[in-house]
Amino acid sequence: MEKDILISLIKLVAGISFIVKGADVLIEGSSSLARRAGIPEFVIGLTLVAFGTSLPELTVNVQASLKGASEITLGNVIGSNIANILLILGVAGLIRPLSIHRTFVKKEIPLNFLSIVLLFALVSDRVLDGASVALISRSEGLVLMTTFVGYLYFLAAFLEREKIDDEGKRLGFIKAILFILLGFVGLFLGSEWTVDGGVSLATALGVSQVIIGLFLIAIGTSLPELTTSAVAAYRGNSDIALGNVAGSNIFNISLVLGTSALINPIPVPERVFKDLSLLLIATFFLLLSNYTGSRYTVSRIEAGFFLVIYVLYAVYSWYMEIWR
């Protein structure tokens, strides 16, 4: 039993490591190749925002859907989004208080709220339709993908108005192609190992796949956001730290969950409403932090509060799952 748990953990950690590094290498190679091809910088930025930090969640969820482990997909998305606000912004805010741009408060946070409300509606088959089984169907996956396209349009309009840095790193042509190929290999192998390791670990521990997706896989696939936001906070680039989290949350619900549902309908576990409620509350706390204490700032005290809430949520969830 202990051997099975250890092997599953090793497979899970190795898989997540391959995914994170594969996404990083793929983005670097792709952006370099795009610059050499003369593609406008705002298009590159849009592409990176759309797929960059969400690639780990996307590859894990696609693999989970193909393998019939769809319970992992919903847990991974909701868990990643909760971790993005409470864990990642908590860590970034402790490093340095985060100044929040008014545009972020007026546009990004409301869009996050709307995406959560939409997800609430999609998982409420039992409540709204009286259905015996709740699923995010393929048609609902198409709705999520449509919202993804709409958000891309919003980003394109926003990026066109922004001043973009033209001094991006350029690799040699052969090296860029090699980076892209290695990135895809890393994402494929990593997602395969992550899903297999996650399912095996859930079986060995006697917990649901949702719990593994909510915490172990969600935190692992959120590592790009965590490192990006922590470094941005350390350097005083609050807009990057906050924009990275808000954009990633919208992409996770629209692109990642939409793609997963198109491949295979996603079963909705009963506990999903508790987790979605916490995500809604966490987003509300983020909005509230703009009007308490220092205006338009996430202070160290507020960041610490985010972290405490996340730790309590994790402990409570594991306790209730193990002792159910």
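Where a number appears in this text, it was derived from the coordinates with a stated rule and is not lab data. Only a predicted model underlies this, so the values are computations on that prediction, with no experimental measurement involved.
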Cross-link table 3/67; 107/274; 106/175, entries beyond 30 Å C-alpha to C-alpha | 106/175
Tell me, what HN-Hα J-couplings in whole Hz come from the Karplus equation 6.51 cos²θ - 1.76 cosθ + 1.60 at θ = phi - 60° for each residue of the range 81-94, using x for Gly and Pro?
-> 5, 5, 5, 4, 7, 6, 7, 6, 5, x, 5, 4, x, 6
